[in-house]
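**Q** Structure incoming, see below.
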Amino acid sequence: MTAPEAAAPTRPGAPAPSGVAAAARGGWWGVAGSGVNAVFSFLLVGLITRAVGAEGAGAIFTGVALFTILSNTCKLGADTGLVRFVPRDLAVGDGRSVDALLRTAVLPAAVAGTAAAVPLLMSPAVATALLPDLPAADAIALVRLFGLFLPAATVGMVLLGATRGYGTVVPFVGVEQIGKPVLRVLIAVPVAFWVPGTLALASAWLLPAFAGSVAAWVCLRRCRAARPHPAGGPGTGGSSVTWREFWGFAGPRAVSSVFDISAVWVGVLLLSALATAGEAGVYTAIGRVVTACTLVQLAVRLAVAPEISRLLAVDAVAPAQALHRISTCWTVLFSWPLFAVVASFPETVLSVFGPEFGIGAPGLVVLCAASLVNVAVGNAQTVLLMAGRSSWHLAVTAAAFGVQLVVGLLAVPVWGVLGAAVSWGAAIVVENLTAAHLVRRRLGFTTVDGGYAVALTAGLLVTVVMTATRLMKGDTPSGLAVGMALGLCVFGTSLWRYRTSLGVSELVGVLRRRAA
């Protein structure tokens, strides 16, 4: 569909514009994958905490935190660069330069991942400083194990970024959100029952990372085979994107990705170093709950990013803005009620990990409140990146991470888990409000329209219902059940009554066309 056609308003019952339809298709895949990821991540954390306790879980997830930060750092922003430049090349170029783009992206990431693994494998001081509560031999062995898998995991994430550039989220969802979480639980179940231990359970987490990298390579080959190139074959032409242009975009994103992923995991590292491994384990559980509640936003982001890049590449600014508005509406509609449920019954939610995890309830409430700001502004940071403003995104994430680090260093020694949650919550608010301001004032992307107002009102009504139920029934499983039943009634009524303005018609229309 051409850009002018994409810009046309959507009539009730008519097919959605191409960008919205593609985002809806990807969004449904993303929701399904995020749901599986949330369930199996909960199961994995529960298995580990039950098998080795909060202290052992804290040690394992400290290693996971280090591994995740390093792998996301070492990909150097190349995955986001491929998400941006592959669809642009396919839209306005001959489509034959993807081989050159892949060489530009993958080789530096592989070198960086290998270099980062060396100190983990060779320096015992890193392990003993990071895990002071463990015996030195156990700490060294655990950190070396994570270092062994680091290069392959880094390359795998870059390859998945290339598959997203081809306009499909299926490989990413299949590998990252379904394959790895399910495989981790399948491996961890027998390990937790027969040979529980930090090294064995860490191996259960790491082995799927290597398998995922192999799967990413296979998926990318299939994406390329399914998208025939012009005569002459793939890779015969020079890249329409120069090395300097690619890394001029990816370089700032490389730094900002460090801040992004560190925001999620730095609390674990601070608690492990400044408090106890047990508190680090509790904080990890809180982070899993909050991440699970953002599953819709993540799903929408995965689908929207390449579509916005494609639309902006052909100067279809109005459809890109419309796509951002409707995707924000979907995010608020489906995410806000989840946070309302969790914030109203935090102790009940955390009890699934074990009785000692109830101390994290205040921190969970703080993060839910901060995440409502994240939900309310939509995927503003994705718009910054897909519009090529990676340097703006870097400035935003750097400011937010600075706030988090300062607050964390001051609050964690005093408040423990709550201090780590307050520091992360402050970073979430600063980052998202600043990004929303830049998107609105500098790029002209607005979020508020009739559908957004309805979605926000529905979320507020669910919040009122959940709060009233908590006051009457307390933070108990029965109270949670009653609140969810009433909240679903309010949510379902709002969804049906205002389905057109909420953009539900587009979502349902995509499903019907796929079924046909």
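The values are calculated or read from the model by the stated rules, or taken from the named source; none is laboratory data. Quantities reported herein were computed from a predicted structural model and do not represent experimental measurements. No Cβ is skipped: glycine too gets one built from the backbone with ideal geometry, and neighbour counts run over all protein chains shown. Heads up: the accessible areas ignore ligands, DNA and RNA and are worked out on the full protein's heavy atoms, side chains in. Shrake-Rupley method; radii C 1.70, N 1.55, O 1.52, S 1.80 Å.
**Q** Output the residues belonging to segment 149-205 that are more than 24 Å from R88 (Cβ to Cβ), open to solvent by less than 30 Å² (accessible area, probe 1.4 Å) and outside any helix (DSSP H, G or I).
**A** The answer is G197, and nothing else.
**Q** To continue, here is another question. Is it the case that R244 is modelled with pLDDT of 80 or more, assigned to a helix (DSSP H, G or I) and basic (K, R)?
**A** Details: modelled with pLDDT of 80 or more: yes; assigned to a helix (DSSP H, G or I): yes; basic (K, R): yes.
Criteria met by R244.
**Q** Among the residues of segment 388-417, write down those that are surrounded by 21 or more Cβ atoms within 10 Å (Cβ to Cβ) and among the aliphatic types (A, V, I, L, M).
**A** L394, V396, A400, V412, V417
**Q** Using the structure shown, decide if R96 is modelled with pLDDT under 80, surrounded by fewer than 23 Cβ atoms within 10 Å (Cβ to Cβ) and part of a helix (DSSP H, G or I). Before the answer, list the steps.
**A** Details: modelled with pLDDT under 80: yes; surrounded by fewer than 23 Cβ atoms within 10 Å (Cβ to Cβ): yes; part of a helix (DSSP H, G or I): no.
No: the conditions fail for R96.
**Q** Within the group T68, T62, T80, T104, which residue is within 21 Å of the chain's Cα centre (by Cα) and more than 30 Å from P196 (Cα to Cα)?
**A** Criteria check complete, one pass: T80.
**Q** Is there any pair with a first residue in segment 149-170 that is at positive phi and a second that is open to solvent by 10 Å² or more (accessible area, probe 1.4 Å) and charged (D, E, K, R) whose Cβ atoms are under 9 Å apart and which are 6 or more apart or on different chains, and what are they?
**A** G167/R227; G167/E307; G167/R310
**Q** Failed condition for G238, given (1) part of a helix (DSSP H, G or I); (2) open to solvent by 30 Å² or more (accessible area, probe 1.4 Å); (3) at pLDDT below 85, with all others met?
**A** (1)
**Q** If I ask for residues that are buried (at least 16 other Cβ atoms within 10 Å of the Cβ) and closer than 12 Å to A343 by Cβ, which ones from segment 465-479 would you list?
**A** M466, R470, D475
**Q** Right, here's the next one. From the list A136, A127, pick out the single residue that is free of Cβ contacts under 8 Å to residues at least 60 places away in the same chain, under 17 Å from A273 (Cβ atoms) and open to solvent by 20 Å² or more (accessible area, probe 1.4 Å).
**A** Of A136, A127, the one residue that is free of Cβ contacts under 8 Å to residues at least 60 places away in the same chain, under 17 Å from A273 (Cβ atoms) and open to solvent by 20 Å² or more (accessible area, probe 1.4 Å) is A136.
**Q** Continuing with the same structure: Right, A59: modelled with pLDDT of 70 or more and surrounded by 24 or more Cβ atoms within 10 Å (Cβ to Cβ) or not?
**A** yes
**Q** Out of A320, A313, A285, A299, which single residue is modelled with pLDDT under 85, buried (at least 24 other Cβ atoms within 10 Å of the Cβ) and either closer than 24 Å to A162 by Cβ or out of contact with any helix residue (DSSP H, G or I) (no Cβ under 8 Å at 6 or more places or on another chain) (or both)?
**A** Residue meeting the stated conditions: A299.
**Q** From the list V341, V366, exactly one residue is open to solvent by 20 Å² or more (accessible area, probe 1.4 Å) and within 24 Å of S257 (Cα to Cα). Which is it?
**A** One residue alone meets the criteria, V366.
**Q** Only residues in segment 43-55 that are among the acidic types (D, E) count as the first member; pair them with residues that are part of a helix (DSSP H, G or I) and open to solvent by less than 40 Å² (accessible area, probe 1.4 Å), Cβ under 7 angstrom, at least 6 apart or cross-chain, and list the lot.
**A** Filtered contacts from segment 43-55: E55/A277; E55/G278; E55/G281.
**Q** Only one of L364, L338, L333, L302 is out of contact with any His (no Cβ under 7 Å at 6 or more places or on another chain) and farther than 27 Å from L486 by Cβ; which?
**A** Working: L364 fails: farther than 27 Å from L486 by Cβ; L338 fails: farther than 27 Å from L486 by Cβ; L333 fails: farther than 27 Å from L486 by Cβ.
Answer to the check: L302.
**Q** With assigned to a loop (DSSP other than H, G, I, E, B), touching a Leu at 6+ places or on another chain (Cβ under 8 Å), at pLDDT below 90 and not hydroxyl-bearing (S, T, Y) as the only criterion, which of L502, L495 stands out?
**A** L502
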